[in-house]
Protein chains: 2
Amino acid sequence: MARATTARTATARATATTRPARARAGARPSPGELKRTVVIEDVQPCVDGGRWPVKRVVGDVLEVTADIFKEGHDVLVAFLKHRRADDGEWRETPMRLVDNDRWAGSFLLEDNARYRYTIEALLDPFQSWLADLVKRVDAGQDVASELLEGLALVRAAARRARGEDAAALREYAARIAEAPGEAAAVSAAREAGLAALMRRHLDRREATWAEPELEVVVDRERARFAAWYEFFPRSGVAGRHGTFEDAEAQLERAAAMGFDVVYLPPIHPIGRSHRKGRNNTLTAGPGDPGSPWAIGGPEGGHDAVHPELGTLADFERFVARAHDLGLEVALDFAIQCSPDHPYVREHPEWFFHRPDGTIKYAENPPKKYQDIYPVNFYGDDPWPLWLEMKRVVEFWVDRGVRTFRVDNPHTKPVRFWAWLIREVQARRPDVIFLSEAFTRPKMMKILAKVGFTQSYTYFTWRNEKTEIQQYLEEITTPPVAEYFRGNLWPNTPDILHETLQRGGPPAFKMRLALAATASSLYGIYSGYELCENVPVREGAEEYLDSEKYELKARDWGAPGNLVGYVTRINAIRRAHPALHHSRNLTFHRAEDPFILWYSKATEAGDDVVFVAVNLDVTATRACLVDVPLAALGLPPDRPYGMHEQLSDTTWEWRGPRGYVELDPRRDPVQIFVLRRP
Amino acid sequence: MARATTARTATARATATTRPARARAGARPSPGELKRTVVIEDVQPCVDGGRWPVKRVVGDVLEVTADIFKEGHDVLVAFLKHRRADDGEWRETPMRLVDNDRWAGSFLLEDNARYRYTIEALLDPFQSWLADLVKRVDAGQDVASELLEGLALVRAAARRARGEDAAALREYAARIAEAPGEAAAVSAAREAGLAALMRRHLDRREATWAEPELEVVVDRERARFAAWYEFFPRSGVAGRHGTFEDAEAQLERAAAMGFDVVYLPPIHPIGRSHRKGRNNTLTAGPGDPGSPWAIGGPEGGHDAVHPELGTLADFERFVARAHDLGLEVALDFAIQCSPDHPYVREHPEWFFHRPDGTIKYAENPPKKYQDIYPVNFYGDDPWPLWLEMKRVVEFWVDRGVRTFRVDNPHTKPVRFWAWLIREVQARRPDVIFLSEAFTRPKMMKILAKVGFTQSYTYFTWRNEKTEIQQYLEEITTPPVAEYFRGNLWPNTPDILHETLQRGGPPAFKMRLALAATASSLYGIYSGYELCENVPVREGAEEYLDSEKYELKARDWGAPGNLVGYVTRINAIRRAHPALHHSRNLTFHRAEDPFILWYSKATEAGDDVVFVAVNLDVTATRACLVDVPLAALGLPPDRPYGMHEQLSDTTWEWRGPRGYVELDPRRDPVQIFVLRRP
């Protein structure tokens, strides 16, 4: 597992090696081809045999392992090769034999780019010869003939080398050839300097290259570590439609709470035809703003700004203001149109038609969604539609947007996303795509495999100890963690889970702190910090008076608000590098069936955070919990400190078990930072 | 898991579908390509992402599963496609949705050939339309427009169809179009006959094909089920070198004992230079026959017969005689030469040379093997050597040999074997190759992956309960069992394990019955049935007076021989189809740490064999053993019979536990056939 590290241990060195061309089918194989006999198998990391890239972030060291072997007993040498996918030059780092034909190597992922990697392995004739020579000498055998063989190897290397190395190799050859006796010649042949020179000037012509080449998408760090905050920029001002300028206050609030990304529902003109009213009613009143997901009106479509929010220039100022506050603006990308969208006139062929020629609105029979026209990816020629979608994304990229939350990607062709994301990232590798698919598991996963940087998850619906642990383990360990980055949301404008409806503030604290510590990526939809928990009706997950259909002005300082709690949790996250990762999540045993107990540590072990979560928000729970002393390098008999962050209290623990007690009315979650003795 | 079955449930149907051509890189994608949007992932069985073929035998039904899904809610249809690799026509069988986007299908492997298989999946527009139509009708909606859409689908299908089907589709279209009302039209649209016609005439142009295509090597049944018997044809006649004619007596013995394959060490002329004497001494006496693995003399090389054995015609008569006895002759293929081999003169470039031009003998420094010249696969051009090796194999294939036991394949390039086996089997798919590699695990496995039909195993060195169980489970379950067929040998001319040296006849019975029942493939080297157990020296695994270096005439009727036991075990194997497989091996709990307890069942469950093995050959062991009643479909409360085959005694058991008692002096192994109540 590769994690970010500042140690630049793996230094890549440019070499002139190029991959040998492959023979044409049916042609007489070349001698060189027949001699490329090293077996290179099971190169890891690798998603589905190399079908899809693995994911990492800038600064990670990619650890690569493989089975590398060959017939017989010759000494092998192997190099991990890598290059940026947009650049032809292979760089290489040496690999080392670990055990049982398994080799390992690594390289630093320096750039926000797509890399390719593979392995080049070959026989090392000099080392093979030297190993045999030593055995013969140790057995007292005559080695005159063997020395001549070695000499030939050194001279051949001298011919391949240039400059100083060539001279040094010629010098070694001369010393071996002119040695006063076999012992002196053997001694020269065994010098480390010669071995290094010979390793540097291997004849690579018969090297074997692993196939297929594998890919790693190297994202910027925000792809792995970020706290998201979703809000409707139109809300926030009592009595009228808010503008981008008004929404700067919300940016300030988000920044003050310690969020990294603010995500806005669609900011485009909203359709009027069949506009939905409050609480998703079929008829809108004259003042109803409509759902921002009904995209497109006379004022424009996906590349326009809703006039009541302001102008495109206002949006650009808003993005700049966010940037000044250390925030990034994420836009919603929802491929669907209101009946008033310009595409309906300009590209009727991008929609579904009835036999009478009219355009079909969305349906899930017998349900009808007349305010939305779904886009048809199966028209006579989908290519112009694909290009237009790419143009829309790049339009916003060109206006400073680097993150897109993609609405319902599982309702559009998977291969379209594969193409779109690759195309956009080829030009702008810093663009992040979050998949908003809440659907069957294999669709969730393939969307991540084909390119989505992050993914919404089933977290919201995992509320019991075993199911939380199993699910988080699944998404934070390989194979899933190689391509899937879960972004955990305790709520969204569409999802107010029963746990929050019933559990009140303790549940809001618990689910927030759980999401924020178990995952390096999490987010909340605004109103969470006010513990808004009234559903539209009993048994529903939608909010009453949903902000999707009306303007909302909230009193952020209302009594009982969690602003301080959220701010503290985000501060703890930022302060602790262990919480910047998800693949380091490790669950430990807690005896109580309602207490979750897990830890995260940096690779170097210099930051270790333990978290205890009381899932029962109705009662104080307490139990013994395990501490993996050996894994942490803690002595069994000396006390260590556990500094609880929310209460700022340090407990002294000793031995492999500790005790936690969690009163949900006070702190349903405790976050301990280990203080080594 | 596919096992042989006589039920021809999966009938393949020829269709005219052809795989769509792939677009050139960089070209504007065709509309059809953009619409090939079905996701087909994780097609199983599959070795290493499709790098290597899976293995089956003729008559097996290949069960194929895959994740198949698409965006949205449309109805999908999927076909399992297969064709012989040497034949361009795809055949197909329908697949069915199992659960959670996992689909399954199967086809019968009718021929001893290499097949390719893949999956074609597409949207089923008619079924999708029909499902929506039914929902609308049930909700009382008007469906006039929808009926027109369905009519268009039926008419398009009618245009694709020919003959009767076209007429029938036109008839349905007319009935829908001219129906007296919506209800009648809907009723016609819902008829099963129309659905079947529509399924038969899908528009396949936008279907998605899974990539990569996968391969299955379908061997003849002997590849999976055979008892092997190894003997030296030169032995057997007291006082002189035996001939092929003499060796017919040994064929008769092998046939009488119930073996299927007789394997002969190399039958070629034996070198004289540095010939090894008795017990592997460096100097041969004048009468010493030498090791048959020192191949080649003045009389010829790999395509010649050792004159003392007879002529090529004698060999062909021997093969024919074996065939008459129901036996198959397996030859040894050892790529190495004595200094007297014709290749040394004719192709000195196929050997390793010292700087003075002399040819190198084999060495493992400081050890020297002067009677053997290793072959050099890294000369200036290895291609003529590769072709010659293929010629040698095909020379013997043309003389009736269909099975080769390949000596030390792990000392020649893996890719050479991949090529050789594929080439030979392309012409003669019935040729079987057994890999005699006793080396590191990954080399053992890659040799099986690249083509070896069967493999020697570590069985000989697995003697304790846990290690036997773990090892046999590893090689008889996926992923290993998809490509690796273990052939278990209790002894070979090189390996007399300590267990046999110390355990005497009980150990010989135990290891034989264990190998013969746990694996559908096993073999012994002659002398085993006489319990020959004297090593060349304490601590060694080689035999004293090894037959590799001298002629041996044995008294096959000597007191204490196991001929009857071996015969009985082979008869039980043949009589019970459950023992013709290895992938059905299942271990169950036995309370005694020295008792192994396992079962095998046919897929239909009509033959179930349980085996109890006492690994402690010094003491009687007894314990309770588990019987998986539910898995066997046995009622918990009724008695069932356990018919022990060696003692011909039937025990009545009841409930999920039985009792076994094994006296190694009598029967260290008991073989029970289940008799259902």
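The values are calculated or read from the model by the stated rules, or taken from the named source; none is laboratory data. All figures in this text were calculated on a predicted structure; none of them were measured in a lab. Glycine also receives a Cβ, built like all others from the backbone with ideal geometry; neighbour counts cover every protein chain displayed. Ligands, DNA and RNA are stripped out before the accessible areas are found, and what is left, the full protein with its side chains, is counted by its heavy atoms. Shrake-Rupley method; radii C 1.70, N 1.55, O 1.52, S 1.80 Å.
Tell me, what is the percent relative contact order of region A:13-121, built from C-alpha pairs under 8 Å that lie six or more residues apart?
This gives 30 percent for region A:13-121.
What does the charge add up to near A:PRO307, with Lys and Arg as +1, Asp and Glu as -1, over the other residues with Cβ less than 11 Å from its Cβ?
-3
How far, in degrees from 0 to 90, does helix A:414-427 lean away from the longest principal axis of the Cα atoms of chain A, to the nearest 10?
The angle comes out at about 70 degrees.
Could you check the simple spin-label distance between B:LEU624 and A:ARG204, using points 7 Å along Cα→Cβ, in nm with one decimal?
6.6
Could you grab the Rg to Rh ratio for region B:126-200? Cα atoms only, Kirkwood for Rh. Walk me through the intermediate numbers first.
Values: Rg = 11.6 Å, Rh = 12.2 Å.
Checking Rg against Rh, the ratio lands at 0.95.
Please give the contour-minus-distance gain from B:GLN44 to B:ARG666: 0.36 nm per residue of separation, less the Cα-Cα distance, rounded to one decimal in nm.
219.4 nm
Hey, what D do you get for region B:59-182 in µm²/s if you plug the Kirkwood alpha-carbon radius into Stokes-Einstein at 25 °C and 0.890 mPa s?
My calculation gives 142 µm²/s for D.
Using unit Cβ charges (K, R positive; D, E negative) and no other charged atoms, how large, in debye to the nearest 20, is the dipole of region A:219-580 about its Cα centre?
Roughly 740 debye for region A:219-580.
Which whole-number percent is the relative contact order of region B:305-416 (Cα, under 8 Å, 6+ apart)?
32 percent.
On the protein heavy atoms, probe 1.4 angstrom, tell me the percent of accessible surface of region A:13-121 carried by carbon and sulfur.
Using a 1.4 Å probe with all protein chains present, region A:13-121 comes out at 47 percent carbon and sulfur.
What do you get for Rg/Rh of chain A when both radii come from the Cα atoms and Rh is the Kirkwood radius?
Details: Rg = 30.7 Å, Rh = 28.7 Å.
Here Rg/Rh amounts to 1.07.
Along the charge dipole of region A:126-200, which of A:ALA161, A:TRP129, A:VAL143 sits closest to the positive end, that is, farthest toward it, with unit charges on the beta carbon of Lys, Arg, Asp and Glu (+1, +1, -1, -1)?
Farthest along the dipole direction, towards plus: A:ALA161.
Can you give the mean number of other chain Cβ atoms that lie within 10 Å of the Cβ atoms in peptide B:34-41?
Average per residue, whole number: 6.
List the residues whose amide H sits under 5 Å from the amide H of B:GLY277, counting only those 5 or more places along or on another chain, with H placed 1.01 Å from N in the peptide plane.
B:LEU282, B:THR283, B:ALA284
Return one number: the angle in degrees, 0 to 90 and rounded to the nearest 10, between the long axis of the Cα atoms of helix B:383-397 and the longest principal axis of the Cα atoms of chain B.
Its long axis makes an angle of about 90 degrees.
Which distances in nm, rounded to one decimal and ordered from shortest, link the label point of B:ASP430 to the equivalent label points in the other identical copies, with labels set 7 Å from Cα toward Cβ?
Those separations, rounded to one decimal, come out as 6.9 nm.
Rounded to the nearest percent, how much of the accessible area of region B:126-200 (1.4 Å probe, protein heavy atoms only) is carbon and sulfur?
52
Can you give the relative contact order of chain A as a percent, counting alpha carbon pairs under 8 Å and 6+ residues apart? Please list the in-between numbers first.
Values: 1358 pairs, mean separation 67.1, N = 677.
About 10 percent, as a whole number.
Rounded to the nearest whole Å², what accessible area per residue is found for chain A with the 1.4 Å probe?
Per-residue value: 40 Å².
Would you mind giving the mean number of other chain beta-carbons within 10 Å of the Cβ of each residue in A:130-143, as a whole number? Before the final figure, lay out each step's value.
Working: counts 0, 1, 4, 1, 1, 5, 3, 2, 2, 3, 1, 4, 0, 1.
For this peptide, the per-residue mean of nearby foreign Cβ atoms is 2.
Using alpha carbons only, what's the Rg to Rh ratio of region B:353-426 with Rh from Kirkwood?
When Rh is taken as the Kirkwood radius, the ratio is 1.02.
Could you give the nm distance between label points at A:ARG654 and A:ASP380, where each point is 7 Å from its Cα heading toward the beta carbon?
8.4
What ³J(HN,Hα) values, in whole Hz, does the Karplus curve 6.51 cos²θ - 1.76 cosθ + 1.60 give for region A:268-282 when θ = phi - 60°, with x put for Gly and Pro?
Once θ is set to phi - 60°, the couplings for region A:268-282 become 8, x, 9, x, 9, 5, 6, 4, 7, x, 3, 6, 6, 6, 6 Hz.
Within region B:354-391, name every residue whose backbone N is under 18 Å away from a label modeled 7 Å from Cα of A:ARG190 along the Cβ vector.
Zone members listed by number: B:365-367.
Pop out the Kirkwood hydrodynamic radius of the protein assembly as shown from its pairwise C-alpha distances, inverse of mean 1/r, in Å to one decimal. Could you put the intermediate results ahead of the total?
Working: mean 1/r = 0.0273 Å⁻¹.
Hydrodynamic radius (Kirkwood, Cα only) of the protein assembly as shown equals 36.6 Å.
What is the residue of chain A with the smallest Cβ distance to the axis taking A onto B, and what is that distance in whole Å?
Value returned for chain A: A:GLY49, 1.
Just to be sure I understand the curve: with the Debye formula and one point per C-alpha of region B:13-121, what is log10 I(q)/I(0) at q = 0.13, 0.15 Å⁻¹?
Each listed q maps to, in turn, -0.55, -0.73.
Kindly provide the helix-only [θ] at 222 nm of chain B, computed as the sum of -39,500 (n - 2.57) over DSSP H runs of four or more divided by all residues, to the nearest 500 deg cm²/dmol?
-8500 deg cm²/dmol
By how many degrees, between 0 and 90 and to the nearest 10, does the Cα long axis of helix A:312-324 differ from the longest principal axis of chain A?
On a 0 to 90 degree scale, this one is about 60.
Place the label 7 angstrom along Cα→C-beta at A:THR620 and in each other copy, then list the distances from the first to the rest in nm, shortest first.
Listed shortest first, these distances are 6.6 nm.
Given Cβ point charges of +1 (Lys, Arg) and -1 (Asp, Glu) and nothing else, what value in debye, to the nearest 20, does the dipole of the protein assembly as shown about its Cα centre take?
960
Beta carbons within 10 angstrom, averaged per residue: use that to sort the peptides A:81-93, A:351-363, highest first.
A:81-93, A:351-363
Every other copy gets compared here: list the nm distances from the A:TRP383 label point (7 Å along Cα to Cβ) to its counterparts, shortest first, one decimal.
4.1
Using only Cα atoms, what is the ratio of the radius of gyration of region B:219-580 to 2.2 N^0.38 Å?
Dividing the Cα radius of gyration by 2.2 N^0.38 Å gives 0.96.
Checking an interface number: how much accessible area is buried between A and B, summed over both chains, with a 1.4 Å probe, in Å² rounded to 100?
Summing both chains' loss of accessible area gives about 5400 Å².
Give me the dipole magnitude in Debye, nearest 20, for chain B about the Cα centre, with unit charges on the beta carbon: positive for Lys and Arg, negative for Asp and Glu.
660
With every protein chain left in place, what is the accessible area of B:MET257 in Å² (1.4 Å probe, nearest 10)?
Estimated to the nearest 10 Å², B:MET257 gives 0 Å².
Over 30 Å between C-alpha atoms is what I'm after, so list which of B:LYS465/B:LYS552; B:LYS35/B:LYS55; A:LYS55/A:LYS412; B:LYS367/B:LYS552; A:LYS81/B:LYS367 land there.
Working: B:LYS465/B:LYS552 35 Å; B:LYS35/B:LYS55 34 Å; A:LYS55/A:LYS412 23 Å; B:LYS367/B:LYS552 28 Å; A:LYS81/B:LYS367 38 Å.
Beyond 30 Å between Cα atoms: B:LYS465/B:LYS552; B:LYS35/B:LYS55; A:LYS81/B:LYS367.
To the nearest whole number, what is the average tally of beta carbon atoms from other chains within 10 Å of the beta carbons of peptide B:372-381?
Mean number of neighbouring Cβ atoms from other chains: 3.
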